[in-house]
Structure formats: C-alpha cells, structure tokens
Amino acid sequence: MVGYCDTVLALALVTVSTVPLLQALGRRLLSMASGPRDPGDPGDPDVPYVPGSLSAAFVTCPNETVAKELGRAMVEKRLAACVNILPHVTSIYTWKGKVEEDSEVLMMIKTRSSKIPALAEFVRSAHPYEVPELVALPVAQGNPPYLRWVGDSVPP
C-alpha cells in the first residue's frame, strides 16, 4: 500500500507542477502560431501597456455623411479600432489669407501608433478637402482591457 500511495503522491506532484508549465507552453505556441507581436504590444494580455503604442487621431469633415463613410472604411480596412463622430463643431482658421469659420464634424479615431502613416495616406486619398486635417496624439494610459481591445482590433 505504501508503494501505491507514494506513486499517487508523486503523480499528483508531477501533475501540479507541470500544469502551469504546459499552460505557459500552450500560450507560447499560440503566440508563435499567430505571429510575432511588437514589444509592449497593447493586444498582449501578458505584457503591460507601453505608453504611446496606441494613438488617438482627429480628422474634421464637412458633414456627417463624409465622416461616416471615412470612419466605416477606416474600421473595415483595420486602420482603426473605433471611430467616434462628434457633430457640430465650429472651426475657425486661416485659409488662403482669410479667416474662415465653418461648421464641421470631428472624427476621433483610436488606432495603433504604427498605423498613423497608413491612416494619413488613406485620409489624403479619400477626403474631400484639399488639405484634410489629421493630427494624432499618443495614448499615455487608459483602461487596460480597452487598450488590449484596440491592439487586438488593429493588426501591427
């Protein structure tokens, strides 16, 4: 009976000590199969968020129809995780030597910082303005599950 108990105890100890190792190995294999991640990738739940790896970008549009078309295309092309459309902003600016005032719509775009050049190219090609606005600010911190979601939604 002692031999049997020792065997069961040894098997239990091996099982308890190897399960975490097998779980870690499984996570590593899964991450290898799904491709390499950037250091500090906001989509990796095992890595703390690296400030600045995500950005909030802002684009003004002449109306809500244009903003919705651009926003949907940004999300479909996976240039953005989310686009908020804020109606009725007033813009005061100089254009061709004159002070102008217009009613516009503001887009707030959440994406990876590495996608800003591609996002800018898309905006330049699809926006009706001669010189469309696109400014981006790095995200220093935020709700960790939300930041992971943004990272998961926009590929590196």
When residues of the stretch 43-97 are filtered for being over 14 Å from the mean Cα position of the chain (by Cα), surrounded by 12 or more Cβ atoms within 10 Å (Cβ to Cβ), assigned to a loop (DSSP other than H, G, I, E, B) and of a type in the set (G, A, S), how many remain? 0
Whichever residue in the stretch 129-156 is of a type outside the set (F, W, Y) and open to solvent by 80 Å² or more (accessible area, probe 1.4 Å) and, among such residues, is nearest to the chain's Cα centre (by Cα): D152
Name the pairs whose Cβ atoms lie under 7 Å apart, with the first residue in the stretch 66-93 and more than 20 Å from T111 (Cα to Cα), the second open to solvent by 60 Å² or more (accessible area, probe 1.4 Å) and not in a strand (DSSP E or B), and 6 or more positions between them or separate chains? P87/E64
Which members of the stretch 119-140 meet the condition of being in a loop (DSSP other than H, G, I, E, B) and closer than 13 Å to S55 by Cβ? L134, V139, A140
Is it fair to say K115 is closer than 18 Å to Y49 by Cα, charged (D, E, K, R) and assigned to a strand (DSSP E or B)? no
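The values are calculated or read from the model by the stated rules, or taken from the named source; none is laboratory data. Please read these numbers as outputs of a predicted model, since none were measured by experiment. Positions of Cβ are generated from backbone atoms using ideal geometry, with glycine treated the same way; all protein chains shown enter the neighbour counts. Please note that ligands, DNA and RNA were not included when accessible areas were found on the heavy atoms of the full protein model with its side chains. Shrake-Rupley method; radii C 1.70, N 1.55, O 1.52, S 1.80 Å.
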